[in-house]
Amino acid sequence: MAHVEAIRIVGGARLAGSVRVPGAKNSVLMLMAAALLAEGRTILEDVPVILDVAIMSELLRRLGCEVEHDVVLGRLTIDVPAEPLHQADYDLVRRMRASINVLGPLLGRLGIADVALPGGDNIGSRGLDLHISGLERLGATVESEHGYLVARAPGGLVGATLWLDFPSVGATLNLLMAAVLARGTTVIDNAAREPEIVDAAHLLVAMGAKIDGIGTSTLMIDGVEELHSVTHRVVPDRIVAGTWAVAAALTLGDITINNADASHLEIALDKLAQAGADVVVHDDGFRVRMSKRPLAVDVVTLPYPGFPTDLQPHFLALNSIAVGAGMVTENLFEARFRFVQELARMGAEVRTDGHHALVRGRERLSGAPVEASDIRAGAALVLAGLVAEGITTVHEVQHVDRGYAHFVEDLQRLGADVTRIQTDLGTGAP
Ligand code: UD1
């Protein structure tokens with residue numbers, strides 16, 4: 001019988017100590033796609049050792065790049081040929097939706113890109129209409145053929161004014177990366193302004209792009225003829241930093257989180273303070289201490305600088321053992337409450353109604369076998385296991401591996417009783 005890995009947690013430990021946050025997953029994937037815009041060697045520093053980076057590396061290799069990840073130094077080297085290929089295959093795109101973000105740079109540089117359609121995933125249907133209509137406004141024709149999006153602009157893209165109906169992270173990045181090599185000026189209005197977009201814009205500027213309004217919801221791009229490769233350090237992962245902050249609050253712990261930018265997590269840290277945590281910001285990060293059972297907090301997910309949807313499951317777990325009741329509202333991904341059923345298996349009292357979840361805090365959860373449905377749900381279930389009585393086994397950990405580097409090792413160093421174990425495949429969640 002085949003074996004797969006799970007994370008086994010014995011609840012009850014108080015987490016204390018310090019932890020270092022690596023570069024952001026959501027940033028590095030876009031920076032890797034942006035590397036396609038210039039021939040030569042792009043070097044990214046502080047790149048996390050996670051599955052999604054391996055998948056994106058494989059995608060770039062298939063496009064003709066040489067990619068090397070020095071996992072000790074955290075350095076990723078991408079050697080881009082003069083003429084990269086232009087097809088992103090289904091077997092990779094279906095494993096990682098962010099692959100769709102090679103569309104903009106390939107189209108901008110080569111005038112052609114064929115990228116497999118990703119389909120739905122475990123957090124919802126996730127449309128591509130904003131990506132497509134934006135590229136069309138820049139002069140491309142985009143068609144769906146045999147499961148692929150085929151985008152063409154044989155004469156090159158031409159700058160235009162684009163208004164996004166919604167500040168989509170992926171669409172903003174795709175259009176930004178397409179526009180930097182377009183002829184003339186592009187304006188992207190109602191652009192997303194997540195720190196990962198700011199990071200990608202800084203990389204592009206270092207490569208020779210002309211971008212104004214970085215960090216605002218109006219990006220103005222003056223197209224240039226060509227870009228050159230550079231070395232760039234990836235912005236710290238605010239979601240990983242937020243995960244450790246919630247871990248401290250949940251376990252009545254004391255964690256110093258280094259290489260983190262508190263200004264990227266203002267609302268989330270303020271919510272933790274409302275829950276009763278002591279949050280102290282320092283030069284290189286922040287410290288979160290908790291001395292009593294948390295108070296429940298209301299959370300509403302919104303595009304940045306609103307509360308991040310990627311930390312919603314963690315706060316739902318926090319509310320599940322808090323004093324009082326908290327309302328969690330999910331505005332970005334309709335299926336993100338799927339993991340609530342798993343949390344309920346651990347005794348959490350959650351009632352969902354559409355995009356609201358009412359969580360009534362209980363004194364403690366009860367360890368159980370559960371299944372991760374996506375990266376963040378998986379991490380939140382591990383955190384819940386830390387405060388559950390007895391043993392929790394989180395299955396389908398490959399989801400957690402997509403976004404969290406050395407998660408189990410860091411948890412162990414902070415004092416948690418956590419191990420990776422082998423389980424039998426095909427028996428459901430034993
Ligand atoms: C990115 C992040 C993900 C995060 C999300 C929201 C990466 C690799 N992933 O995902 O971790 O949870 O931002 O902060 O960076 N939408 C459309 N049409 C489109 C594009 C998006 O309807 O053309 C909708 C989506 O279905 C969703 C919402 O817009 O409801 C937000 O999606 P978007 O901001 O694009 O998220 P991603 O870039 O996919």
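Principal axis extents of the Cα atoms in the range 25-233, from largest to smallest and rounded to whole angstrom, are 43, 36, 32. Rounded to the nearest 500, the 222 nm mean residue ellipticity of the chain from helices alone is -8500 deg cm²/dmol, with -39,500 (n - 2.57) taken per DSSP H run of at least 4 residues.
Working note: Cα atoms of the range 152-269, range along each principal axis, descending, whole Å: 60, 33, 24. Distance distribution note for the range 304-394: the fraction of Cα pairs above 18 angstrom is 36%.
Can you give the FRET efficiency to the nearest 0.05 for Q412 and S133, using r as the Cβ-Cβ distance and R₀ = 41 Å? With R0 = 41 Å, the Cβ-Cβ based efficiency is 0.30. Annotation: extensible slack from D278 through A335 equals 17.3 nm (criterion: 0.36 nm per residue apart, minus Cα-Cα distance). Projected label points at A325 and R364, each 7 Å from Cα along the beta carbon direction, are separated by 2.5 nanometres. Working ranking of peptides 157-170, 334-347 by packing, defined as the average number of other Cβ atoms within 10 Å per residue, highest first, is 334-347, 157-170. Considering only beta bridges that DSSP places wholly inside the range 325-418, some 65 percent are antiparallel. Calculated accessible area for the range 43-87 comes out at 46 Å² per residue, all protein chains present (probe 1.4 Å; ligands, DNA, RNA ignored).
The relative contact order of the chain, computed from alpha carbon pairs under 8 Å that lie at least 6 residues apart in sequence, is 21 percent. Residues of the range 178-196 with an amide N closer than 12 Å to a point placed 7 Å from the Cα of T231 along the Cα-to-Cβ direction: none. Cβ-Cβ distance of L85 and E266, R₀ of 41 Å, FRET efficiency by 1/(1 + (r/R0)^6): the value works out to about 0.45.
Take every DSSP beta bridge whose two residues both sit in the range 25-233; close to 75 percent of them are antiparallel. Packing-based ranking of 296-305, 24-33 yields 24-33, 296-305, ordered from highest to lowest mean Cβ neighbour count within 10 Å. When a 1.4 Å probe is rolled over the protein heavy atoms, the share of accessible surface on the chain that falls to carbon and sulfur comes to 48 percent.
Remark: the Cα gyration tensor places the range 1-72 in the oblate category, a/c being 1.5 or greater and a/b not exceeding b/c. Compared with the rule-of-thumb size 2.2 N^0.38 Å for a compact globular protein, the range 254-333 has a Cα radius of gyration ratio of 1.08. Return the Rg/Rh ratio of the chain with Cα-based radii and a Kirkwood Rh. Dividing the radius of gyration by the Kirkwood radius yields 0.98. Annotation: the antiparallel percentage among DSSP beta bridges lying fully within the chain is about 75.
The values are calculated or read from the model by the stated rules, or taken from the named source; none is laboratory data. What you see is a predicted model, and the numbers here were worked out from it, not measured in a lab. Using ideal geometry, Cβ is built from the backbone for each residue, glycine included, and neighbour counts are taken over all protein chains shown. Only protein heavy atoms, including side chains, enter the accessible area calculation; ligands, DNA and RNA are left aside. Shrake-Rupley method; radii C 1.70, N 1.55, O 1.52, S 1.80 Å.
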